[in-house]
């Protein structure tokens, strides 16, 4: 009987301790800082979403993962998890980069209007996981994706064949 009492008390203290701990710690603030394109080729590119994560607490926290959902021109495009292992110092801010590879063919297939436009609206949302918290984020903006030149083969001809 005493054994069960101690097990129940340990469970109760661990649950109330976690709840009390969560109420004493403020959730970090997640803001989108910038979006840039890198590794651009004719087939794909990488969109790098740079976030600023501010820890308003007097203790450090660890960022464990990012979930994301990217919508382009109002349509779901890609979603996933990005593992991270980032230490957030107490009362400080840290830059966190989320690279998302965009394959143009997949993009054109999923969003048929993409080929007709130079710029595209996007919305990125998800959570930043910090063990005790999942801090949500959401941001909207525009991306300029490269297009093939219209007259790439317009004036070419074959003069001589071997």
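Would you point out which residue out of 77, 108 is in contact with a helix residue (DSSP H, G or I) (Cβ under 9 Å, 6 or more places away or on another chain), within 16 Å of residue 125 (Cβ to Cβ) and either at pLDDT below 90 or surrounded by 11 or more Cβ atoms within 10 Å (Cβ to Cβ) (or both)?
77
Would a scan of the stretch 34-48 turn up a residue that is exposed (fewer than 12 other Cβ atoms within 10 Å of the Cβ), within 18 Å of residue 93 (Cβ to Cβ) and either at pLDDT 70 or above or touching a helix residue (DSSP H, G or I) at 6+ places or on another chain (Cβ under 7 Å) (or both)?
Among the residues of the stretch 34-48, not one is exposed (fewer than 12 other Cβ atoms within 10 Å of the Cβ), within 18 Å of residue 93 (Cβ to Cβ) and either at pLDDT 70 or above or touching a helix residue (DSSP H, G or I) at 6+ places or on another chain (Cβ under 7 Å) (or both), which makes the answer no.
Determine whether residue 72 is under 16 Å from residue 122 (Cβ atoms) and modelled with pLDDT under 85.
It is true that residue 72 is under 16 Å from residue 122 (Cβ atoms) and modelled with pLDDT under 85.
In this structure, is residue 83 in contact with a strand residue (DSSP E or B) (Cβ under 6 Å, 6 or more places away or on another chain), closer than 21 Å to residue 125 by Cβ, free of Cβ contacts under 8 Å to residues at least 24 places away in the same chain and surrounded by fewer than 17 Cβ atoms within 10 Å (Cβ to Cβ)?
Answer is yes for this residue.
With respect to residue 56, determine if the residue is modelled with pLDDT of 85 or more and over 15 Å from residue 97 (Cβ atoms).
yes
The values are calculated or read from the model by the stated rules, or taken from the named source; none is laboratory data. Everything quoted here is computed from the prediction, not taken from an experiment. Because the Cβ atoms are built from the backbone with ideal geometry, glycine has one as well, and the counts that use them run over all protein chains shown.
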